[in-house]
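Please treat every number below as a calculation from the coordinates, not as lab data. Because the structure is a prediction, the values reported are computed rather than measured. Here Cβ is always computed from backbone atoms with ideal geometry, including for glycine, and neighbour counts include all displayed protein chains.
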Amino acid sequence: MKPLFLFRPEPGWSVSAQTARAMGLDVHGSPLFTIEPVPWDAPSPTDYDGILVGSANVFRHGGKKLDKLTKLPVHAVGEATADAARRAGFLVGRTGRGGLQNLLDDLDGRELHLLRLAGEDRVTLRLPDGIRVDTWILYRAVPDGLRKEDRALLARGGVVALHSGAAAERVKVEFDRHGLDRARVDLAVIGPRVAEMAGEGWGAVHTADAPGDSELLALAQALCKTDPEG
């Protein structure tokens, strides 16, 4: 079985690693990023109809200024983000399935002014008619390097699971910086945008059936079980 490498910030890394190990996978990698808050000031909640959130990091790193916005409903990208919103004192208006763009498309046909709370690295959205979005940045991901032991294993090959475009770009940079052969590594990616940002030259690039951790890890499991010589 090929080794699996995970590269995503905490606490997501530990959650994915625990799940993957329970699936019988040989898990390596590291968070590769440290998430840190950035200074921000909350706008007036009376200017908006709701909040658009694509990551639970908003509620982990937004601080006390989020309290000013708790009367606005949160439209969350997925269940984990919705749960984080509730723990922070927000009501959840809608929970998406399939990415932030799909969530926004589900709101099509309504006249809405939304406040998007996000990190510095974020997905570009196509706005449906009638929906306006203002973006506030609350956190950023500070990249780290590949660990020596991971570089040694990656040089022999394996499967890398990528949960975000930021991770794809960082892994690509680290492979080039250390002269690692992309062709020895297969990628399991959470969506087409991530595949595009990972670049070319990999052994193979496979996209999960749906943009969730469970779907991505199921794909990675299948890839790890393939014959390295096949």
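What is the magnitude of the charge dipole of the stretch 97-224 about its Cα centre, with +1 placed on the Cβ of each Lys and Arg, -1 on the Cβ of each Asp and Glu, and no other charges, expressed in debye to the nearest 20?
Working: 17 positive and 21 negative charges, 84 e Å.
Value, rounded to 20: 400 debye.
Could you calculate the FRET efficiency of residue 156 with residue 122 from 1/(1 + (r/R0)^6), where r is the beta carbon distance between them and R0 is 35 Å, rounded to 0.05? Can you show the working numbers first?
On the way: r = 34 Å, r/R0 = 0.98.
The pair residue 156/residue 122 has a calculated efficiency of 0.50.
Most mobile of 218, 82, 166 per a Gaussian network model of the chain (Cα springs, under 10 Å)?
Ranking 218, 82, 166 by mean-square fluctuation puts 218 first.
With viscosity set to 0.890 mPa s and temperature to 25 °C, compute the Stokes-Einstein D of the chain, Rh being the Kirkwood radius across alpha carbon pairs; µm²/s, no decimals. Spell out each step's value before the answer.
Numbers: Rh = 18.5 Å.
The calculation lands on 133 µm²/s.
Give me the lysines in straight-line cross-link reach of residue 68: C-alpha distance below 30 Å, same-chain residues under 8 apart excluded.
Partners found: none.
Compute the signed sum of charges (Lys and Arg +1, Asp and Glu -1) over the other residues within less than 14 Å, Cβ to Cβ, of residue 42. Each step should come with its number before you reach the end.
On the way: positive: 64, 65, 68, 71, 116; negative: 41, 47, 67, 134.
Net charge around residue 42: +1.
Which of the residue pairs 2/148; 2/172; 64/148 have a Cα-Cα distance greater than 28 Å in the structure shown? Working shown, then result.
Working: 2/148 19 Å; 2/172 20 Å; 64/148 38 Å.
Over 28 Å apart, Cα to Cα: 64/148.
Checking the cross-link filter: which aspartates and glutamates have an alpha carbon closer than 19 Å to that of residue 71, excluding same-chain neighbours under 8 positions apart?
Partners within reach: 41, 47, 49, 83, 111, 134.
Please state, rounded to one decimal and in Å, the Kirkwood hydrodynamic radius that the stretch 93-230 gives when every pair of distinct Cα atoms enters the mean of 1/r.
Working: mean 1/r = 0.0594 Å⁻¹.
About 16.8 Å, per the Kirkwood formula over Cα pairs.
Suppose every Lys and Arg Cβ carries +1 and every Asp and Glu Cβ carries -1, with no other charges. What dipole size does the chain come out with about its Cα centre, to the nearest 20 debye? Could you put the intermediate results ahead of the total?
On the way: 29 positive and 32 negative charges, 109 e Å.
With only Lys, Arg, Asp and Glu charged at Cβ, the dipole is about 520 debye.
For the stretch 50-180, with the dipole built from +1 on Lys and Arg beta-carbon atoms and -1 on Asp and Glu ones, taken about the Cα centre, which of 143, 53, 115 lies farthest toward the positive end?
Selected residue: 143.
How big is the equivalent ellipsoid of the stretch 12-62 along its three axes, where each semi-axis is √(5λ) from the Cα gyration tensor, reported in whole Å from largest to smallest? Numbers along the way, then the final one.
Numbers: eigenvalues 236, 38, 7 Å².
So the three semi-axes of the stretch 12-62 are 34, 14, 6 Å.
Which of 95, 124, 34 moves most in a GNM of the chain, Cα contacts under 10 Å?
Greatest mean-square fluctuation among the candidates belongs to 124.
Return the distance in nm (one decimal) between the two label points of a simple spin-label model at residue 133 and residue 215, each offset 7 Å from Cα along Cα→Cβ.
In this crude spin-label approximation the distance works out to 1.8 nm.
When the expected Rg is taken as 2.2 N^0.38 Å, what fraction or multiple of it is the alpha-carbon Rg of the stretch 1-92? Let's see the in-between values first.
Values: Rg = 16.4 Å, N = 92, 2.2 N^0.38 = 12.3 Å.
Ratio of Rg to 2.2 N^0.38 Å for the stretch 1-92: 1.34.
May I ask you to derive the FRET efficiency for residue 18 and residue 47 from their Cβ-Cβ distance with R0 = 35 Å, giving the value to the nearest 0.05? It would help to have the intermediate numbers written out before the result.
On the way: r = 41 Å, r/R0 = 1.17.
After rounding, the FRET efficiency stands at 0.30.
Expected output is a single nm value to one decimal: the length gained when fully extending between residue 178 and residue 87, i.e. 0.36 nm times separation in residues minus the C-alpha distance. What is it?
Details: separation 91, 0.36 × 91 = 32.76 nm, distance 4.14 nm.
The span from residue 178 to residue 87 would gain 28.6 nm if fully extended.
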